[in-house]
Amino acid sequence: MEPLAPFSVVAPTSLAAALAALAEPEARLVAGGTDLMVNLRHGIGAPRTLVDARGVAELRGIAAQGGGLAIGAAVTLAELAEDARVGGRWPALAEAARLVAAPAHRAAATVGGNLCLDTRCTFYNRSAWWRAANGFCLKHRGSVCHVAPTGNRCHAAFSGDLAAPLLAYGATVEIAGPAGARRQPLGALYREDGAAHLTLAAGEIVTSVQLPPQPLPARYAKARARQAIDFPLAGVAVALGMAAGKVAALRVALTGTNASPFLLAGVEALTGAVPDAAWREQLGKLVQKQVTPMRTTLLAAQYRRRAAAALAMRLAAGLAGEA
Ligand SMILES: Cc1cc2nc3c(=O)[nH]c(=O)nc-3n(C[C@H](O)[C@H](O)[C@H](O)COP(=O)(O)OP(=O)(O)OC[C@H]3O[C@@H](n4cnc5c(N)ncnc54)[C@H](O)[C@@H]3O)c2cc1C
Ligand code: SF4
């Protein structure tokens, strides 16, 4: 860990004040700081000002909205995991929140910070001297990707847990910035580029996440190196509705395997069928085709690919059995 470069902290209480503070040169938003501060201690970034999101009134609280729920970006993961409405109707989200890091992290970590988490790679989440000894890398200060040296793209993995269940539930996000506010599907927040995985423009803030009403039954599970505390090496959310013994609706979302979390494409072909062993095999194959884990973690990419497929098949079997 490096000593932190000097910076000042401002703590706005309104969204307008937060946006104004972020418009200043070299200002950076911080929420729980459980990801950002680690990066700063690794010499990744040296903002002159940190803008603390936690006191911004518009980012706080969980409220009913049109039969669904609006979750403020500064809501902590502990608050999210303990909310009875979330646990009752969107249990995969509560489950994912409970599986993030450790209790002390969850008390500080926020929903916005989890969705805007930096991507991770074994060549990147290192001290500055370690990275310097390797000539840094394409994502930060270097010119070569050590994972795929002949390419020109970073493959660092997005490793936030919440994105998968939120995608499976069809969540939208609200974003505010210098050009105004907008609402968009959560998937549009991301792009498949480990060095620039967020589509946010300069000075923009995720203000809230909206969960639509009438969620499908859903579950979340993740594979990780240490069960007690660790990022997902493959995180899977499955939402599955049954009618007359057949799959009536299916959404599968993945995190931890690619530079962005994503919804599995082509699941329509799996609806209208009985979710038997052959059906589960088909689902597993679809997952294996679309996840593209790279050598960004200590575990083999092929293991993560197969773990993602196995988790999807297991969750789907459980949900079909419960229906
Ligand atoms: C030991 C350890 C284990 C961990 N395990 C996990 C894990 O299992 N799963 C997991 O998902 N994460 C894990 N994390 C990462 C982190 O704790 C969580 O992802 C957490 O939710 C990040 O939220 P935060 O509020 O602390 O983000 P911060 O560190 O404050 O911010 C993270 C990034 O998001 C940006 N940001 C924050 N809020 C907003 C917003 N509203 N709009 C736009 N940008 C924003 C910040 O500028 C920064 O770039 C772990 C961290 C540690 C240290
Ligand atoms: S995938 Fe390549 S460019 Fe990206 S962080 Fe890892 S080594 Fe660096």
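Check G160: other-chain or 5+ apart residues with amide H under 5 Å from its amide H, H built from backbone geometry?
Close amide H contacts, sequence-distant or interchain: G256.
Relative contact order, percent, of the range 19-139 when contacts are C-alpha pairs under 8 Å separated by at least 6 residues?
25
Take the Cα atoms of the chain, find their three principal axes, and give me the spread along each one in whole Å, biggest first.
Extents along the principal axes: 62, 47, 35 Å.
What ³J(HN,Hα) values, in whole Hz, does the Karplus curve 6.51 cos²θ - 1.76 cosθ + 1.60 give for the range 24-33 when θ = phi - 60°, with x put for Gly and Pro?
5, x, 6, 9, 9, 6, 10, 10, x, x
Counting only residues 5 or more places away or on other chains, whose amide H sits under 5 Å from the amide H of L264 once H atoms are built in the peptide plane?
V252, A253, L254
Taking only C-alpha pairs under 8 Å that are 6+ residues apart, what is the relative contact order of the chain in percent?
16
In straight Cα distance, which lysines are under 24 Å from K222, not counting same-chain residues fewer than 8 positions off?
Hits, sequence-local ones excluded: K285, K289.
Tell me the relative contact order for the range 228-322 as a rounded percent, counting alpha carbon contacts under 8 Å between residues six or more apart.
30
Find how much the distance from V10 to A269 grows on full extension, using 0.36 nm per residue of separation minus their present alpha carbon separation; answer in nm with one decimal.
Numbers: separation 259, 0.36 × 259 = 93.24 nm, distance 5.11 nm.
Gain on stretching V10 to A269: 88.1 nm.
Which whole-Hz couplings ³J(HN,Hα) result when phi for each residue of the range 161-167 is put into the Karplus expression 6.51 cos²θ - 1.76 cosθ + 1.60, θ = phi - 60°, listed in order with x for Gly and Pro?
7, 5, 4, 5, x, 5, 5
Taking K246 as the anchor, which aspartates and glutamates have their alpha carbon closer than 18 Å to its alpha carbon, excluding any fewer than eight residues away along the same chain?
List returned: E268, D276, E281, E322.
Tell me, what HN-Hα J-couplings in whole Hz come from the Karplus equation 6.51 cos²θ - 1.76 cosθ + 1.60 at θ = phi - 60° for each residue of the range 121-127, using x for Gly and Pro?
Ordered by residue, 3J(HN,Hα) equals 7, 5, 8, 10, 7, 9, 5 Hz.
Taking a ≥ b ≥ c as the square roots of the eigenvalues of the Cα gyration tensor of the range 156-275, is the shape rounded (a/c under 1.5), prolate (a/b larger than b/c) or oblate?
Oblate is the answer for the range 156-275, as a/c is 1.5 or above yet b/c matches or exceeds a/b.
What is the set of long-range amide H partners of T122 at a cut-off below 5 Å, with H atoms built 1.01 Å from backbone N?
For T122, the qualifying residues are T297.
Only the coordinates and a few stated rules stand behind these numbers; no lab work does. Please read these numbers as outputs of a predicted model, since none were measured by experiment.
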